[in-house]
Amino acid sequence: MNSRRKFIITLVPAGLALAAAPAVFAQPAHADENDAAAKGIGYKHDATKVDAAKYPTYAKGKVCSNCALYQGKAGDAWGGCPLLGAKQVNANGWCSAYAKKAG
Ligand code: SF4
């Protein structure tokens, strides 16, 4: 194999990887309710599914989108939460660390 061909064969996969990278970074993964960190704080994607007997601090209307830790913008369906690392939580979710957003 000549060196020019080898050079191109090496560059093409690298270029494809770079082209795909922005899509990966633009769509952070959603939190998994079943992973250890999420279970530890009782996180649910749908706040209405919270076990109110187990989590008496839960009350209807408390959702991630009005929690002080939620990093999504108003109207976003998902947003970051520092308690779940780089993963996104549902705007209608809830966990036991909920803290009402000021204002
Ligand atoms: Fe949702 Fe707030 Fe719990 Fe994060 S800390 S998962 S934003 S309720």
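What number comes out for the charge environment of Gly42, summing +1 per Lys or Arg and -1 per Asp or Glu over other residues with Cβ under 11 Å away?
Local net charge: +2.
Around Gly80, what is the net charge, scoring Lys/Arg as +1 and Asp/Glu as -1 over all other residues with Cβ under 14 Å from its Cβ?
+1
Please work out the FRET efficiency for the pair Ser96 and Asp76, using the Cβ-Cβ distance as r and a Förster radius of 22 Å; give the result to the nearest 0.05.
The computed FRET efficiency comes out at 0.50.
Please report, to two decimal places, log10 I(q)/I(0) for region 28-90 at q = 0.16 Å⁻¹ as given by the Debye formula with identical point scatterers on the Cα atoms and no solvent.
Cα-only, vacuum Debye calculation for region 28-90: -0.48.
Which entries of Lys54/Lys101; Lys44/Lys101; Lys54/Lys87 have Cα-Cα distances beyond 21 Å here?
Lys54/Lys101; Lys54/Lys87
Can you list the aspartates and glutamates whose alpha carbon sits under 18 Å from that of Lys100, skipping same-chain ones fewer than 8 residues off?
Asp46, Asp76
No lab work stands behind these numbers, since they all come straight from the coordinates. The shown structure was predicted, so the numbers you read here are calculated from the model rather than taken from an experiment. In this analysis, Cβ positions are derived from the backbone assuming ideal geometry, glycine residues included, and neighbour counts consider all displayed protein chains.
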